[in-house]
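> What follows is a structure written as structure tokens; I'll ask about it next.
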Amino acid sequence: MRTVWTMGFVAAAALSFCFPDFIVFRFTQAVIWAIALLGLVLLCGVSGQFSFAQAALFGVGGYSAAIIGAHTPLSVYWGLPAALLMGYAAGWALGRIAGGHSLWTQALVTYAFAIAFPQLLRWRLIERWTGGVQGLYLDFPTPPGGISADRWNFLVALALLAVGACLAGNMITSRSGRALTAARDNDLAAGAQGIPVVQVRATISGIAGAYLALAGCLSSYQYGYVGPTGYGFALSVQMLFGLVIGGMQSPAGAIVGGLFLQFFPDLVAGMGKGLSGLLYAVLLIAAMVAMPTGIVGALRRLIAGSAPLRGALLKIMMRHGVARSRQ
């Protein structure tokens, strides 16, 4: 599977040179969605926590890059490590506060952070750094090699997605991943086995925050602008939709969810003719009812269900071949 994933990422990078920039721009946004959803896979799917703070953490990454680019002599590329550090710190703090409580409390705490973040950006004491209601613009440096900015952003985002998916997959199957799963299934039993539930939840919340902030940083590079209106509560709900539709249990679900968030609304807009919002909601509800484990989970069940049929057909063919050889 590692070989298959590697070939897929290499093929995606090569195909980016075969499409015009506006197509590459859209696939870059899908990759950015996938990076953000990787964090939610770890936080919600593996750890079993709930969050509405993903839009705010997304904004933390975007503003980290914008502030470095606008107020320091450093290159905007320093926004990448800054976004990782700031996202981890904010996510860890949220996990430390809400990780030991019920899902309802986690939802309320993260909802409060998501609502407060856009208002915080307009606070007079810090608006000279954040730009207030006007936001901040980024001057992106000229990409190397003479390639276009859209294609360069896609290659950078794709490379980070490959690294992030590899790290997330290894984390899920590691001892830490098993500890997270145990804490998700039964926190009392996990605590009795010596697992520090609050600590591991805070850690994975910080890692998820780093993924989301990294995605926000890449998004600010792509659009060249950050503003408080771009990180509203609707963005958090949109990411949750993508997580549920793609699949909450694996990095593949994050990639499918990213493609869904980017391209499915356009498909519905062409079909709806004025009712695109209603049609979009109806199709989302139908998909969640029909595929509670997401598209990736449904495909896995389909493949697992077809395995006995393939085995039976193989046995019939072998018996038929033995009978013919005896004749």
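Bear in mind that the values in this text are calculations on the coordinates, not laboratory data. Note that the structure is a prediction, hence the values are computed from the model and not measured. Cβ placement follows ideal geometry from the backbone for every residue including glycine, while neighbour counts extend to all protein chains displayed.
> Among C44, C217, C166, which comes first, second and so on when ranked by fewest other beta-carbon atoms within 10 Å?
By the 10 Å Cβ count, ascending: C166, C44, C217.
> Assuming 0.36 nm per residue, please report the length gained on full extension of the stretch T293 to L279 beyond their Cα-Cα distance.
2.9 nm
> Mind telling me which of G230, G257, G246 comes out most flexible in a GNM of the chain, alpha-carbon contacts under 10 Å?
G230
> Only helices at least 24 Å long along their axis, Cα-based, and averaging 1.6 or more on Kyte-Doolittle count here, so list those DSSP H runs from the chain.
21-40
> Excluding the sites themselves, what is the longest stretch of the chain that contains no trypsin sites (Lys or Arg not before Pro) in a DSSP loop with at most 10 other C-beta atoms within 10 Å?
Result, exposed sites excluded: 125-272.
> Once amide H atoms are placed 1.01 Å from N in the peptide plane, what residues at a sequence separation of 5 or more from Y225, or on another chain, have their amide H within under 5 Å of its amide H?
Result for Y225 returns L138.
> Also, quick follow-up: Could you work out how much longer the chain between F233 and F9 gets when fully extended? Use 0.36 nm per residue separation minus the Cα distance between them, nm to one decimal.
The F233-F9 span can extend by a further 77.5 nm.
> Please arrange I195, I32 by counting, for each residue, the other beta carbons lying within 10 Å of its beta carbon, fewest first.
I195, I32
> Fewest Cβ neighbours within 10 Å first, please rank M239, M1, M171, M288 accordingly.
Result, fewest neighbours first: M1, M288, M171, M239.
> Rounded, prolate or oblate for the stretch 1-123? Axes are the square roots of the Cα gyration tensor eigenvalues, ordered a ≥ b ≥ c, and the cut-off for rounded is a/c under 1.5.
oblate
> Quick one, which of [x] 22.8; [y] 19.3; [z] 16.2 is the actual mean projected area of the Cα convex hull in nm² calculated for this model?
Matching the structure shown: [x].
> How far apart, in nanometres, would the label points at A189 and L125 be if each is projected 7 angstrom from Cα along the Cα-to-Cβ direction?
4.7 nm
> Put a dot 7 Å past each Cα toward the Cβ at T72 and R96; how far apart are the dots in nm?
Inter-label distance under the simple model: 2.2 nm.
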